[in-house]
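Next up is a structure, given as structure tokens.
The values are calculated or read from the model by the stated rules, or taken from the named source; none is laboratory data. What you see is a predicted model, and the numbers here were worked out from it, not measured in a lab. Positions of Cβ are backbone-derived with ideal geometry, glycine not excepted, and every protein chain shown enters the neighbour counts.
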Amino acid sequence: MVFDLDETELREVNSRLQAVKPKDNMRDFLLSNPRGKHNLAVGLDADMRARIDGHVGFYCAGMNKRAEIVVNGHAGPGVAENMMSGTVRVRGNASQSAGATGHGGLLVIEGDASSRCGISMKGIDIVVAGSVGHMSAFMAQKGHLVICGDAGGGLGDSIYEAVIFLRGKAASLGADCVEKEMRPEHRETLERLLREAGIEADPAEFRRYGSARTLYNFQVDNADAL
């Protein structure tokens, strides 16, 4: 089914996509002429496919469950925000806070991502073919952030148990983020993520970063600094 957003209201398009049921035959949708509209294809909760031909605004594919969503263009802030499962693919660049607070699923950005990519991620896997901006993976709790390019300053600041794989260079690491040994099990995870994302990159060129766990407990010796 094709929806032309020049002719059909955004609210109507979202309502139709959100109404897909497990036994429905219609599971393939094409959304044309998005023209940067906000909140497009949000809250989907079915095994279905939605292809968006054009650029999208804020929070596209937010709260996604199970659906496969492809953006043939660039995405504004918060793409795949609070995503639970499924796959979201941006064939262009993504603005700030891509995949923020995501609990699961796979977000693939074939271009670059701006600042705060993966902020407070809680289980989502994010693969960026290009570079990411500053404060990416800030307070990331769980999941994986794969960066095939470079990273801006403050990478992984206050990170918890999420894992960062970086092929390029980071302008700086955030508080409590350190480089860690890349063991065989980590190499296998990275290979799987790159394969699922359809991105060709040599896992041997990546380094692994994670939490030094120095922020987990209060240090009484630092009390005078408060």
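Among the listed residues 128, 132, 146, identify the single one that is touching a residue at least 40 places away in the same chain (Cβ under 8 Å) and outside the structural domain of residue 60 (by TED's automatic domain parsing).
Result: 146 is the single residue among 128, 132, 146 that is touching a residue at least 40 places away in the same chain (Cβ under 8 Å) and outside the structural domain of residue 60 (by TED's automatic domain parsing).
Looking at the range 1-27, which of its residues are part of a helix (DSSP H, G or I), within 18 Å of residue 47 (Cβ to Cβ) and without any contact (Cβ under 8 Å) to a residue 24 or more places away in the chain?
Listed by number, the list holds a single entry, 16.
Which residues, counting only those in the range 178-208, are surrounded by 15 or more Cβ atoms within 10 Å (Cβ to Cβ) and touching a residue at least 40 places away in the same chain (Cβ under 8 Å)?
Correct list: 189, 190, 193, 194, 197, 199, 201, 206, 207, 208.
Only one of these is surrounded by 17 or more Cβ atoms within 10 Å (Cβ to Cβ), more than 20 Å from residue 133 (Cα to Cα) and assigned by TED's automatic domain parsing to the domain that holds residue 129: 105, 62, 86. Name it.
Only one candidate passes the filter, namely 105.
Okay, next question. Residues that are surrounded by 15 or more Cβ atoms within 10 Å (Cβ to Cβ), modelled with pLDDT of 95 or more and on the phi > 0 side of the Ramachandran plot: does the range 161-169 have at least one?
Within the range 161-169, not a single residue is surrounded by 15 or more Cβ atoms within 10 Å (Cβ to Cβ), modelled with pLDDT of 95 or more and on the phi > 0 side of the Ramachandran plot.
Looking at the structure I just gave you, is residue 51 over 21 Å from the mean Cα position of the chain (by Cα) and either over 10 Å from residue 3 (Cβ atoms) or in a strand (DSSP E or B) (or both)?
When the stated conditions are applied, residue 51 does not pass them.
In this structure, is residue 96 touching a strand residue (DSSP E or B) at 6+ places or on another chain (Cβ under 6 Å), under 26 Å from residue 170 (Cβ atoms) and among the polar types (S, T, N, Q)?
Here the answer is no, as residue 96 does not meet what is asked.
Only one of (1) of a type outside the set (Phe, Trp, Tyr); (2) under 19 Å from residue 119 (Cβ atoms); (3) part of a strand (DSSP E or B) is not met by residue 60, so which one is it?
(3)
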